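Since the structure comes first, as structure tokens, the remarks are kept for the end.
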Amino acid sequence: MDKFVIEGPTPLEGELTVGGAKNAVLPLMAASLLARGESVIDNVPDLQDVRFFATILEGLGARCEFSGHRLVIDTTGVDSPEAPYDLVRKMRASIYVLGPLLASMGEARVSLPGGCAWGPRPVNLHIEGMTALGAEMELEEGYISGRVNGRLTGGRFRFEPSSVGGTCNVLMAAVLADGESILENCAIEPEVTQLVEALVVAGALIEGVGTPSLRVTGVEAIAPIKHRVIADRIEAGTFLAGVALASGRVTLIGVDPVHLSPVTSVLRDMGCEITPDGTSLTVESTGRPKPVEVVTRPYPGFPTDMQAQVMAACCVADGTSFITETIYTDRFTHVAELQRLGADIRLDGARAAVFGVDRLQGAPVMATDLRASAALVFAGCAAAGTTTVNRVYHIDRGYERIEERLAVLGAKILRVRD
């Protein structure tokens, strides 16, 4: 397995173009199954997760071509309603094919998904949502199986709690249902709103874009998806938090500052100077951050996908920070690894007290999931001495060539291939 060897401390300086959002691409890829023909998605990051999802679509009979951050998906040959265990077990987002397959083929058999090794990821909202649209659903031998006679039918469903994956999946199914569907307490993350907008352009009839209540009038068919992916707010936030941790001055290009406001608000409280300029954002940090109190919430609250990165910055704050995780309450696998770098963190259930230290010290650490690995990489940039981050295949799932991009900003980082 590859690893990163990082020499620190090094401040980060320069400019960086932010890539397309992984969490926006995957549901768009699944939405291609709703229509026969070629869907074209632009600004697609070259990530392991994207390529792996393409493999799942190809297993269903689609043809995927990826070139220069453009992805073309031809669904003309889709002839299988089954996403098998050998593929789905590696990736939680694989469940996104459930709704489109039920809507377009009248049946679906999708293995229970796998993915990161933390946190319960219940599929009940996906199953209950499809049931509300008239599908007969059951769990059998590790598979979610669904069937419908003819078309799905319009229905009413409320997400409790709000769920990004559940919202996307049930929404895609409702687009081709017979009649009107009312979806309540929907997730309003930018990635969900983008999916709604792309579906509307393709011919779906959806009211309430960007709100928790969506009214979907089913249509018999939509056109293939044609869309340009929004910038990845989590990737951008990771680099912003990295500057708070390692210090320096970095300009991020091609971002939407509104999508980043929950993160930039916290970073301003930490003492960072953040300057938006159209579709760019500059962050500057000198000295130790100020302590903060952070509680993760669904958008527009502070994102759980930024919890590890901000915790890493809090490790060198001038005081004590408190971080409460309300989305995935056991998402703290990075704590033990940050402690190996000299961090002083104490856990009490879903709440962490982070006692800032003068500096971190380099050490061998192990990446445990996507966002934890990003936190460890930036911690290595701030730590004195050599930090070795093992199992970096996690970070390749969600950050394109992160070592090359960090090197452009002055980091001393090397990928070592085993």
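FYI, it's all coordinate maths here, none of it is from the lab. Not measured: the values here are computed from a predicted model. Glycine gets a Cβ as well: all are built from the backbone with ideal geometry, and neighbour counts include every protein chain shown.
Each Lys or Arg adds one and each Asp or Glu subtracts one; over the other residues with Cβ under 14 Å from the Cβ of Thr282, this totals -3. The relative contact order of segment 22-228 comes to 21 percent, based on Cα pairs under 8 Å that sit 6 or more residues apart. Can you work out the FRET efficiency for the pair Arg51 and Asp318, with r the C-beta to C-beta distance and R0 = 35 Å, to the nearest 0.05? Given R0 = 35 Å and the Cβ-Cβ separation, E is 0.25.
Karplus-derived 3J(HN,Hα) values for segment 288-304, using 6.51 cos²θ - 1.76 cosθ + 1.60 with θ = phi - 60°, are 6, x, 8, x, 9, 10, 10, 10, 6, 8, x, 3, x, x, 6, x, 4 Hz; glycine and proline are entered as x. When restricted to Cα atoms, the chain yields an Rg and a Dmax of 21.4, 65 Å, respectively. A simple rule links phi to the HN-Hα coupling: the Karplus curve 6.51 cos²θ - 1.76 cosθ + 1.60 with θ = phi - 60°, which for segment 93-102 gives 5, 4, 5, 4, 6, 4, x, x, 5, 4 Hz, with x for Gly and Pro. Largest first, the extents of the alpha carbon coordinates of segment 379-418 on the three principal axes equal 27, 21, 17 Å. With a threshold of 25 Å on the Cα-Cα distance, the over-threshold entries among Lys22/Lys90; Lys90/Lys226; Lys3/Lys226; Lys90/Lys412 are Lys90/Lys226; Lys3/Lys226; Lys90/Lys412. Beta bridges from DSSP with both residues in the chain: antiparallel share about 70 percent, rounded to the nearest 5.
Our note on the geometry: Cα centres of segment 41-104 and segment 293-349, 33 Å apart.
Counting helices only, and only those DSSP H runs with n ≥ 4, report the 222 nm mean residue ellipticity of the chain as the sum of -39,500 (n - 2.57) divided by its residues, in deg cm²/dmol to the nearest 500.
Values: 14 runs with 129 residues, N = 418.
Mean residue ellipticity at 222 nm (helix-derived): -9000 deg cm²/dmol.
Within the shell of other residues whose beta carbon sits under 14 angstrom from the beta carbon of Val196, the net charge comes to -3, with Lys and Arg scored +1 and Asp and Glu -1.
Treating the angle as unsigned and between 0 and 90°, give the value, to the nearest 10°, between the Cα long axis of helix 370-382 and the longest Cα principal axis of the chain. That helix lies at roughly 20 degrees to the long axis. At 37 °C and a viscosity of 0.692 mPa s, what translational diffusion coefficient does Stokes-Einstein give for segment 22-228, taking Rh as the Kirkwood radius over Cα pairs? Give it in µm²/s as a whole number. It diffuses with D of about 200 µm²/s by this estimate. Net charge near Ile225: determine it from the other residues with C-beta under 14 Å of the C-beta of Ile225, scoring Lys and Arg +1 and Asp and Glu -1. Net charge in that neighbourhood comes out at 0.
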